[in-house]
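The values are calculated or read from the model by the stated rules, or taken from the named source; none is laboratory data. It should be emphasised that the depicted structure is a prediction, and the values quoted were computed from it without experimental measurement. Here the Cβ positions follow ideal geometry from the backbone for every residue, glycine too, while neighbour counts run over all protein chains shown. These area figures cover heavy atoms from the full protein model, side chains too; ligands, DNA and RNA do not enter into them. Shrake-Rupley method; radii C 1.70, N 1.55, O 1.52, S 1.80 Å.
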Amino acid sequence: KCYLLNRQGYFVFFHGAFRRAVEVLFLSSPEGKKATHRQISDYLRTHAPLVRKVSELPAHLTVLCAWDELYDLLSDPVFLAAAWKTNRFEVLHYWSLVKNNSSHQMLEAYREVIASPARFPDVIWPVCFLLNDGEHQSAVLKLIDFVEHKARENGDDFELQASLSLKAQILKSRKDFD
């Protein structure tokens with residue numbers, strides 16, 4: 001314990017020589033690296049606060065090529081809301097890895113959000129952004145109709161403007177002017 005420092009909640013070695021010794025001892029083989037990443041990811045999944053899961057867990061799952069686990073993580077509305085606020089570009093990056101390395105699809109991941117948007121207000125806009133790639137615009141329009149209705153109901157001009165703007169962009173791209 002006397003060789004560790006606590007820096008913003010993370011323990012680090014106070015001297016680089018100790019870090020290098022641990023790397024040689026535990027991380028010198030591919031199997032050792034994989035086992036370490038697995039232990040860390042298991043710990044993060046079960047014990048870490050959400051902020052640490054968001055900042056660390058996807059990277060460990062990527063090193064492990066654990067695409068099913070990464071898909072499950074990105075599919076979790078609580079995780080998505082926090083990760084999107086932290087760094088939406090990382091969310092996009094991790095989704096591209098899942099898409100390129102597995103058969104998982106974003107539409108399936110967010111089917112529950114699309115079916116019941118009122119239950120998932122914190123992820124409606126992130127899901128709209130993720131699915132608005134031309135292929136899933138019908139699902140996005142369903143979510144946008146919900147947002148538009150709620151905005152009109154609540155007198156929220158900002159949400160109304162945003163929803164109508166996205167709806168117009170989608171309809172224009174489809175050449176649907178009716």
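Once the 1.4 Å probe is applied to the protein heavy atoms, region 39-122 comes out at 55 Å² accessible per residue.
Which lysines does K167 reach when only Cα atoms under 21 Å apart count, and residues fewer than 8 places away in its own chain are ignored? Here the lysines satisfying the reach criterion relative to K167 are K142, K150, K175. Working ranking of peptides 17-30, 162-175, 101-114 by packing, defined as the average number of other Cβ atoms within 10 Å per residue, highest first, is 101-114, 162-175, 17-30.
Calculated on the Cα set of the chain, radius of gyration then Dmax: 20.7, 71 Å. Going by the alpha-carbon gyration tensor, a ≥ b ≥ c the square roots of its eigenvalues, is region 1-55 rounded (a/c under 1.5) or, if a/c is not under 1.5, prolate (a/b greater than b/c) versus oblate? Taking the square roots of the gyration eigenvalues as a ≥ b ≥ c, region 1-55 is oblate. Which whole-number percent is the relative contact order of region 20-104 (Cα, under 8 Å, 6+ apart)? Taking the mean separation of contacting Cα pairs over the length of region 20-104, I get 23 percent.
Placing pseudo-labels 7 Å out from each Cα toward the beta carbon at D68 and Y43 gives an inter-label distance of 2.5 nm. Computed from phi, the 3J(HN,Hα) profile of region 136-148 under the Karplus parametrisation 6.51, -1.76, 1.60 (θ = phi - 60°) reads 10, 5, 5, 5, 5, 4, 4, 5, 5, 4, 5, 4, 4 Hz, with x in place of Gly and Pro.
Computing FRET efficiency as 1/(1 + (r/R0)^6) for H149 and V51, where r is the C-beta to C-beta distance and R0 is 30 Å, gives about 0.35. Accessible surface of W84, taken over heavy atoms with a 1.4 Å probe and every protein chain present, rounds to 30 Å².
Three semi-axes describe the equivalent ellipsoid of region 5-109; taken as square roots of 5 times the Cα gyration tensor eigenvalues and ordered largest first, they are 27, 17, 11 Å.
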